[in-house]
Number of protein chains: 2
Amino acid sequence: MIRTNPELTSYVKKLFVSGLYEIVEEKFPSKHRIIEQDRRYNKVYFITEGITKCYISDENGREFIQEFLGDGMEFGELEVFSKKYTICSVESITPLKVLSISHSGFNELLETDSHFNRLIMKALADKIRYKAPRHSYQHSYPIEDNIIQLKKVFPEFTEVISKRDIANYIGVTVRSLNRALKELKTKTDLY
Amino acid sequence: MIRTNPELTSYVKKLFVSGLYEIVEEKFPSKHRIIEQDRRYNKVYFITEGITKCYISDENGREFIQEFLGDGMEFGELEVFSKKYTICSVESITPLKVLSISHSGFNELLETDSHFNRLIMKALADKIRYKAPRHSYQHSYPIEDNIIQLKKVFPEFTEVISKRDIANYIGVTVRSLNRALKELKTKTDLY
DNA sequence: TTATGGTGGGGACAAATGTCCTTTTTAGTA
DNA sequence: TACTAAAAAGGACATTTGTCCCCACCATAA
């Protein structure tokens with residue numbers, strides 16, 4: 001549920017401490033919107049500590065959470081390749097530490113550092129791999145099954161992430177989420 | 001709705017005719033399953049003619065269509081980066097022509113041809129960009145709105161693609177799709 | 001202390017969608 | 001031509017989910 005990329009985080013940290021590139025460390029408090037949908041930015045971020053939510057919001061104010069990003073996950077990179085507006089907002093859920101690098105610095109690394117190039121390529125591929133089954137599962141199964149799935153991969157999710165965010169992640173209303181949670185509890189209480 | 005990538009198709013064709021790489025042209029009839037979910041393959045494919053559907057199927061036989069792939073779209077590439085099983089099946093909807101290349105050949109190109117590298121990177125980024133709003137839209141809006149959206153980008157979709165595939169693409173049953181289509185017609189007939 | 005706003009929880013009803021089944025249409029083939 | 005299988009369309013009913021409320025709890029600011 002909260003995605004991570006240990007290999008990437010350790011490599012980018014190494015690049016950072018080498019001092020050879022213009023990589024900057026930044027900190028944000030929780031609930032801070034680091035990038036906002038439909039804008040342009042000139043930086044790519046790598047999370048080194050904390051959790052963010054990456055979400056799309058529509059004209060009616062509804063949010064749909066794409067992913068929860070944890071250690072080693074990057075954001076802002078898609079806009080390097082297709083020079084368009086951002087499609088997601090990214091907001092910190094906990095206090096956050098990131099390493100950031102400009103588009104030009106990012107491009108330079110991609111061209112000169114083949115290991116870095118490979119790691120980014122793999123990170124992109126993993127984002128695709130991960131999204132596909134998740135959305136298909138959410139479409140095909142009732143809310144309850146989705147919660148069971150979540151509990152499997154991340155048992156303490158209710159403590160870290162608000163109900164609203166969980167609902168927006170599964171793609172249902174908070175009401176429906178509560179209903180499903182209650183159902184689940186009465187079912188498990190039987191045993 | 002049917003994704004394409006003209007830049008990539010023209011570049012891969014150029015590589016093919018140059019004869020410098022082990023790129024092979026293959027043809028398939030319609031309804032042929034070119035790759036199957038949960039298997040291993042050793043090739044990357046680029047579509048040069050025709051349309052395929054890329055879908056996930058679950059244990060109950062339900063299909064969820066991820067994308068319709070047209071000219072220039074690649075598949076089988078994700079497994080180069082994370083050496084795991086395929087997550088999708090890909091099946092031709094029309095007669096199909098592809099150019100295929102082995103994983104090792106693909107890797108070699110990525111390392112030696114920086115233009116190719118960039119095109120693949122962008123193709124991956126675009127797949128992510130494209131998926132995000134689509135799934136969020138489908139979750140948040142009723143079927144009818146989804147159909148209206150489809151008509152906008154691809155007015156003749158009902159002629160090319162079967163009802164079942166369209167339903168599996170939107171993530172609803174055929175019954176619901178028909179209901180929505182009928183509603184839409186009676187509404188537009190009023191004017 | 002008293003407001004106040006955010007979050008969690010849930011009742012009652014409405015709307016959307018799924019399930020199951022039947023009929024019609026179409027395309028292909030013996 | 002007639003037969004068959006698959007696709008398209010839709011009726012009737014069940015289930016799921018959403019919408020619109022209200023209430024309780026808790027932190028915090030006035």
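The values are calculated or read from the model by the stated rules, or taken from the named source; none is laboratory data. These figures come from a predicted structure and were not determined experimentally. Cβ: placed from backbone, ideal geometry, glycine included. Neighbour counts: every protein chain shown.
Do the conditions hold for residue A:158, that is, is it within 16 Å of DNA strand D (Cβ to nearest atom) and modelled with pLDDT under 95? Considered against the rule, which asks whether it is within 16 Å of DNA strand D (Cβ to nearest atom) and modelled with pLDDT under 95, residue A:158 comes out as yes.
Test residue B:155 against the stated conditions and say whether it is more than 13 Å from DNA strand C (Cβ to nearest atom), more than 17 Å from residue B:54 (Cβ to Cβ) and assigned to a loop (DSSP other than H, G, I, E, B). Here the answer is yes, as residue B:155 does meet what is asked.
Here residue B:167 does not qualify as among the aliphatic types (A, V, I, L, M) and more than 12 Å from DNA strand D (Cβ to nearest atom). Let me spell it out: the conditions are (1) within 13 Å of DNA strand C (Cβ to nearest atom); (2) buried (at least 22 other Cβ atoms within 10 Å of the Cβ), and residue B:163 meets all of them except one. Which number is the exception? All conditions pass for residue B:163, except number (2).
Here the condition is being over 25 Å from residue A:40 (Cβ atoms), more than 11 Å from every other protein chain (Cβ to nearest Cβ) and in contact (Cβ under 8 Å) with a residue 24 or more places away in the chain; of A:144, A:91, it holds for A:144 alone.
In the range A:156-177, the residues that are closer than 22 Å to residue A:88 by Cβ and among the polar types (S, T, N, Q) form Cβ pairs under 8 Å with partners that are outside any helix (DSSP H, G or I) and more than 8 Å from DNA strand C (Cβ to nearest atom), at six or more places apart or across chains, as follows: A:168/A:55; A:168/A:62; A:168/A:63; A:168/A:64; A:168/A:65. Taken together, A:85, A:55 contain a single residue that is in contact (Cβ under 8 Å) with a residue 12 or more places away in the chain, surrounded by 14 or more Cβ atoms within 10 Å (Cβ to Cβ) and either in contact with a strand residue (DSSP E or B) (Cβ under 8 Å, 6 or more places away or on another chain) or within 13 Å of another protein chain (Cβ to nearest Cβ) (or both), which is A:55. Scoring residue A:155 on the criteria (1) away from chain B (no Cβ under 14 Å); (2) buried (at least 20 other Cβ atoms within 10 Å of the Cβ) leaves a single failure, condition (2). Only one entry of B:62, B:129 meets the criterion of being at the interface with chain A (Cβ under 7 Å from one of its Cβ atoms) and crowded, with 17+ Cβ neighbours inside 10 Å, and that entry is B:129.
Hey, can you tell me all the residues within the range A:36-78 that are charged (D, E, K, R) and part of a strand (DSSP E or B)? Matches in the range A:36-78: A:43, A:49, A:53, A:63, A:67, A:74. Residues of the range A:166-188 that are exposed (fewer than 15 other Cβ atoms within 10 Å of the Cβ) and more than 12 Å from DNA strand C (Cβ to nearest atom): A:187, A:188.
Being more than 15 Å from residue B:66 (Cβ to Cβ), more than 12 Å from chain A (Cβ to nearest Cβ) and not basic (Lys, Arg) is the requirement here; does residue B:120 meet it? In short, no. Taken over the range B:101-144, the residue count meeting the criterion of being out of contact with any Phe, Trp or Tyr (no Cβ under 8 Å at 6 or more places or on another chain) and within 16 Å of DNA strand D (Cβ to nearest atom) is 6. Out of A:115, A:135, one residue alone is part of a helix (DSSP H, G or I) and modelled with pLDDT under 85. It is A:135. Of the residues in the range B:125-132, not one is more than 16 Å from DNA strand C (Cβ to nearest atom), among the small types (Gly, Ala, Ser), touching a residue at least 60 places away in the same chain (Cβ under 8 Å) and touching a helix residue (DSSP H, G or I) at 6+ places or on another chain (Cβ under 8 Å).
Conditions (1) out of contact with any helix residue (DSSP H, G or I) (no Cβ under 7 Å at 6 or more places or on another chain); (2) at pLDDT 95 or above; (3) over 28 Å from residue B:115 (Cβ atoms), marked per residue:
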{"position": "A:26", "(1), (2), (3)": "yes, yes, yes"}
{"position": "A:30", "(1), (2), (3)": "yes, no, yes"}
{"position": "A:33", "(1), (2), (3)": "yes, no, yes"}
{"position": "A:47", "(1), (2), (3)": "yes, yes, yes"}
{"position": "A:72", "(1), (2), (3)": "no, yes, yes"}
{"position": "A:76", "(1), (2), (3)": "yes, yes, no"}
{"position": "A:84", "(1), (2), (3)": "yes, no, no"}
{"position": "A:98", "(1), (2), (3)": "yes, yes, yes"}
{"position": "A:105", "(1), (2), (3)": "yes, yes, no"}
